[in-house]
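The values are calculated or read from the model by the stated rules, or taken from the named source; none is laboratory data. The model shown is predicted, which means the values in this text are computed figures rather than measured ones. Every residue, glycine among them, receives a Cβ derived from its backbone with ideal geometry; neighbour counts consider all protein chains shown.
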Amino acid sequence: MTDASDDVRATARKRLEERRGFVPHLIMFLVLNAGLVVIWAATGTDNFFWPVFSLLLWGSGLVMHAWSAFLAKPITDAEVDREARRLDHPADRHEQT
């Protein structure tokens, strides 16, 4: 296989691992936070709803995991080339202004 083919396979493997890792992450989030809500309810619901901290903080991490696993686009060679050209000629932009 060529280096480009190896890079594509490595990128594909990484994306598949992120997607497969999301389901266990989601299951643990649901089970553990459900347990925290049950503990909160068992100790009296008239108290402050303290499981909100775990739900919000861990939930934000879960959202970011979902974003990277399902919505984020892989970086293309064209994007890398464009950024390399931009970094290669920073003085040109300053002289034009």
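Regarding residue 95, is this residue at pLDDT below 95 and surrounded by 10 or more Cβ atoms within 10 Å (Cβ to Cβ)?
In short, no.
So residue 66 fits all but one of (1) of a type in the set (A, V, I, L, M); (2) loosely packed, with under 12 Cβ neighbours inside 10 Å; (3) touching a residue at least 40 places away in the same chain (Cβ under 8 Å); what number is the exception?
Residue 66 satisfies all of (1) of a type in the set (A, V, I, L, M); (2) loosely packed, with under 12 Cβ neighbours inside 10 Å; (3) touching a residue at least 40 places away in the same chain (Cβ under 8 Å) except (2).
Within the range 54-63, how many residues are of a type in the set (A, V, I, L, M, F, W, C) and surrounded by 11 or more Cβ atoms within 10 Å (Cβ to Cβ)?
Result for the range 54-63: 3.
Output the residues belonging to the range 17-49 that are in contact with a Leu (Cβ under 8 Å, 6 or more places away or on another chain) and surrounded by fewer than 14 Cβ atoms within 10 Å (Cβ to Cβ).
Matches in the range 17-49: 26 only.
So which of 74, 90, 51 is at pLDDT below 90 and closer than 25 Å to residue 23 by Cβ?
74 is the lone residue from the list that is at pLDDT below 90 and closer than 25 Å to residue 23 by Cβ.
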